[in-house]
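Engineer: Mind looking over this structure? Questions follow.
The values are calculated or read from the model by the stated rules, or taken from the named source; none is laboratory data. These numbers come from a predicted model, not from an experiment. Because the Cβ atoms are built from the backbone with ideal geometry, glycine has one as well, and the counts that use them run over all protein chains shown. Accessible surface areas use protein heavy atoms only, side chains included; no ligands, DNA or RNA. Shrake-Rupley method; radii C 1.70, N 1.55, O 1.52, S 1.80 Å.
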Amino acid sequence: MKRPFLTASLAAGLCLCAHAGPMAPTTLFADARHGVLTLHTLAQDGTPIGSASAVAIAAGRFVTLCGPLDGSDSVRLANADGTIVSATIAARDSERNLCLLSAPDARARALTLAPANPAPRVGARVFAVSNALGFGVGLTEGVISGVGRGDRGELLQFSAPVSPGSEGGALVDDEGRLLGIIDYRQREGQNVNLAAPAAWIAQIEPRNDADGARQALRDRAPRLARAGDGAELGRLADDWTRLHPDDADGWLWRALASDQQGDFTASEQAWRRAAELAPDMPLVALGLADVLLRQQRFDEARAAAETHIAANPEYAPAWVMLGQAQHGLGAAAAAESAYRKAISLDPWQTRAHQGLIGLASQRGDPAAAIEGWSNLVRLDPSQPQLRWGLVEALLLAQQGARAHAVLARLPAELAESADGLFWRGATAALLGRPQAATELFHASLALGPSEPARAWTALGKAYYVLERFPDAIAALREAVRIAPDDADHRYWLAVALKSGGHVGEAVEIDRELVAEHPDDANVWRQLGYALVTAGTTPEGTAALERSLALDPVQPRVWNALMMLYRHAGRDADVVRAHTHLRGLDATMAERAYLATIRPHEARPR
């Protein structure tokens, strides 16, 4: 017979010790640090999936949350000295989301268990010891703010800040004794965080989930979702809901499978069924709002988000959904207010930051967009795509020197990565170094950037600046081959073709673009230039005029029209175009005046 886990734990060091008195935070951390390890989950090929925390409760025994483990193929713990050891799941209390790990080679000191009675008082000082944001085990301070009744029982509410990676960490009192296991996913606000009571630890083995078949579903579903296999995930979810029709998790995976397959109607139906089974589960409410957003049913999404906020006003993801709904409805001020509320509750709500960035871009505010990306990088510098977003925002704002400074601070593995080389090339191009840019783009393409078509177009544009038109055309043709429906790649191919002597093909592409995008001033401008180059001057002039009707702030086009009007003998139009140009670029207007108007004024009558 298996020896009860609590008895084994007491023998190994988990104990109810005599009152020792409050400790200074530095002393407390030095002691508790050895009882909390960083947890890493990996896929079968060794690819990292995520990181969390695990608390030592006996020799070779740890407790953490089950959620981060689902779908992983292996689990690793990092000792305080950085060495990595393997861990296995010894028992699983799925209902309470607590898992027991076995890691015989781990070096950790079991934390002392706080007495269950009396329960911690509201206002009592507590500390969160966890692997926040994957930066290693750290310490934050707060107080017990209440005992909340959750769907799994009594949960401890506390105010010590936690963040992704904190899940599975230790909530300790001011004597360093273990009060609870941090459950980051259950947070309802930045200052109202939750932990499973430490008393539940002894119940993990007795409550061990004996339903191995259902656990196999739990493990396989995240793997399929991660691989993007919506069809197979759908088949798994169908089996799940058939065998366990009252399990909300099965319907949740059914909804996500439908999302991956683009069937938003089926996804909505599954979310609604999950909501019937688990009306208090925040993830379900947000999933329903999200699928409404995907269908651009913004009014309904707003109503769903507002309903959830009314019941859970400090749940940050609901405010994000409200912001996205308002954003979709064109209510920019209301969207910004909702996004900022979400961030005030939880600074790690990346979709709220991205929403603010989107609003900034819409109103032409590059400074706010740069600030948004900078905030995201500060929150999670481990995510390369956030750094690339910041660099792109700086380049769009023509701040090449700042973009270069950001890239210069990259660690070598990022700077020499395919995407790092691409953004270094883009920055070199903006700084007027096209030759260096071509070399960096080639190096990026050799390694396989995340957006190869974009890299080929960037290479083609750099060759264009160097007037190496055959090379530019070849690079841009490759971009169009990879992404034939992307108008930007075709646009730049047409530009290079025109300058490289292939005017007929350029005109053909430009005609296609204006048919697809009749309200885009840029494509009308390029069609006009190509037609004029091909000798079809009247039609080219009309195309340039159409471009200016859509966007009159184009001094070079007004300058070109002055020349065309002069050759056509349209004197009044020359003067009209000059008047417009003078309001945009006085220097260019003076040169155009001397070339097109002054000679005719000085001609003897």
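Engineer: Return the residue satisfying two criteria in turn: it lies in the stretch 71-96 and is open to solvent by less than 40 Å² (accessible area, probe 1.4 Å) and under 26 Å from the mean Cα position of the chain (by Cα), and of such residues it is modelled with the highest pLDDT.
Structural biologist: Residue satisfying both the conditions and the ranking: V75.
Engineer: Every residue in the stretch 337-354 that is open to solvent by 50 Å² or more (accessible area, probe 1.4 Å) and of a type outside the set (K, R), please.
Structural biologist: S337, S344, W348, T350, Q354, listed by residue number.
Engineer: Since L293 meets every condition but one in (1) open to solvent by 50 Å² or more (accessible area, probe 1.4 Å); (2) free of Cβ contacts under 8 Å to residues at least 40 places away in the same chain; (3) not β-branched (V, I, T), which condition does it not meet?
Structural biologist: The number of the failed condition is (1).
Engineer: Take the conditions surrounded by 16 or more Cβ atoms within 10 Å (Cβ to Cβ), of a type in the set (G, A, S) and modelled with pLDDT under 80 and apply them to G168. Does it pass?
Structural biologist: no
Engineer: Something else about it: Given S382, S374, S417, which one is within 24 Å of P449 (Cα to Cα), of a type in the set (S, T, Y) and touching a residue at least 40 places away in the same chain (Cβ under 8 Å)?
Structural biologist: Residue meeting the stated conditions: S382.
Engineer: Quick one: would you say G420 is surrounded by fewer than 16 Cβ atoms within 10 Å (Cβ to Cβ), modelled with pLDDT of 95 or more and either among the β-branched types (V, I, T) or under 26 Å from the mean Cα position of the chain (by Cα) (or both)?
Structural biologist: no
Engineer: Let me ask something else about it. Would a scan of the stretch 146-164 turn up a residue that is modelled with pLDDT of 90 or more and open to solvent by 30 Å² or more (accessible area, probe 1.4 Å)?
Structural biologist: No, the conditions are met nowhere in the stretch 146-164.
Engineer: Sticking with this one: Would you tally the residues in the stretch 433-477 being among the acidic types (D, E) and not in a helix (DSSP H, G or I)?
Structural biologist: Adding up the residues that qualify gives 2.
Engineer: Here is a further query. Which pairs do you get when a residue that is open to solvent by less than 30 Å² (accessible area, probe 1.4 Å), found in the stretch 102-128, comes within reach of a residue that is hydroxyl-bearing (S, T, Y) and not in a loop (DSSP other than H, G, I, E, B), reach meaning Cβ atoms under 6 angstrom, with the pair 6+ apart or on two chains?
Structural biologist: Taking only residues 6 or more apart or on different chains, the pairs are A128/T140.
Engineer: Take the residues in the stretch 315-336 that are at pLDDT 95 or above and open to solvent by less than 10 Å² (accessible area, probe 1.4 Å); name whichever of them is nearest to D380 (Cα to Cα).
Structural biologist: Checking each candidate, the answer is V320.
Engineer: Go through (1) in a helix (DSSP H, G or I); (2) surrounded by fewer than 17 Cβ atoms within 10 Å (Cβ to Cβ); (3) not small (G, A, S) and name the single condition R220 misses.
Structural biologist: The one condition R220 does not meet is (2).
Engineer: I would also like to ask the following. Criterion first (among the charged types (D, E, K, R) and buried (at least 17 other Cβ atoms within 10 Å of the Cβ)) does E413 satisfy it?
Structural biologist: no
Engineer: Could you check R576 against (1) open to solvent by 60 Å² or more (accessible area, probe 1.4 Å); (2) closer than 18 Å to V507 by Cα and say which number it fails?
Structural biologist: (2)
Engineer: Condition first: more than 24 Å from D380 (Cα to Cα) and small (G, A, S). Can you find one or more residues in the stretch 38-47 that meet it?
Structural biologist: Checked the stretch 38-47: no residue is more than 24 Å from D380 (Cα to Cα) and small (G, A, S).
Engineer: Kindly list, by first and then second residue, each pair from a residue in the stretch 429-453 that is over 11 Å from V465 (Cα atoms) to a residue that is part of a helix (DSSP H, G or I) and open to solvent by 80 Å² or more (accessible area, probe 1.4 Å), limited to pairs with Cβ atoms under 8 Å and residues at least 6 apart or on different chains.
Structural biologist: As it stands, the answer is L431/H404, since those pairs meet every condition given.
Engineer: On to the next question. Taking only the stretch 520-539 into account, find how many residues are open to solvent by less than 50 Å² (accessible area, probe 1.4 Å) and closer than 18 Å to A496 by Cα.
Structural biologist: 8
Engineer: Considering only residues that are in contact with a strand residue (DSSP E or B) (Cβ under 7 Å, 6 or more places away or on another chain), farther than 13 Å from N131 by Cα and among the hydroxyl-bearing types (S, T, Y), which ones fall in the stretch 24-82?
Structural biologist: Within the stretch 24-82, T41, S72, S74 qualify.
Engineer: Test each condition in (1) assigned to a helix (DSSP H, G or I); (2) among the charged types (D, E, K, R); (3) modelled with pLDDT under 90 for E232 and report the one that comes out false.
Structural biologist: Every condition holds for E232 apart from (3).
Engineer: Filter the stretch 186-204 for residues that are touching a strand residue (DSSP E or B) at 6+ places or on another chain (Cβ under 8 Å) and either modelled with pLDDT of 90 or more or among the small types (G, A, S) (or both) and give the result.
Structural biologist: Scanning the stretch 186-204 gives A195, A196, P197, A198, W200, I201, Q203, I204.
Engineer: Follow-up question, since we're still on this one. In the stretch 63-105, which strands (runs of 3 or more DSSP E) lie fully inside it and hold 2 or more residues that are touching an Asp or Glu at 6+ places or on another chain (Cβ under 7 Å), of a type in the set (S, T, N, Q) and farther than 20 Å from A221 by Cβ?
Structural biologist: Those strands (runs of 3 or more DSSP E) do not exist here; none qualify.
Engineer: Could you list, in sequence order, all residues of the stretch 359-374 that are under 13 Å from the mean Cα position of the chain (by Cα) and either surrounded by fewer than 17 Cβ atoms within 10 Å (Cβ to Cβ) or aromatic (F, W, Y) (or both)?
Structural biologist: Within the stretch 359-374, just W373 meets the criteria.
Engineer: Cβ-Cβ under 7 Å, sequence separation 6+ or interchain: first residue in the stretch 41-59 and without any contact (Cβ under 8 Å) to a residue 12 or more places away in the chain, partner surrounded by fewer than 20 Cβ atoms within 10 Å (Cβ to Cβ). Which pairs?
Structural biologist: P48/L42
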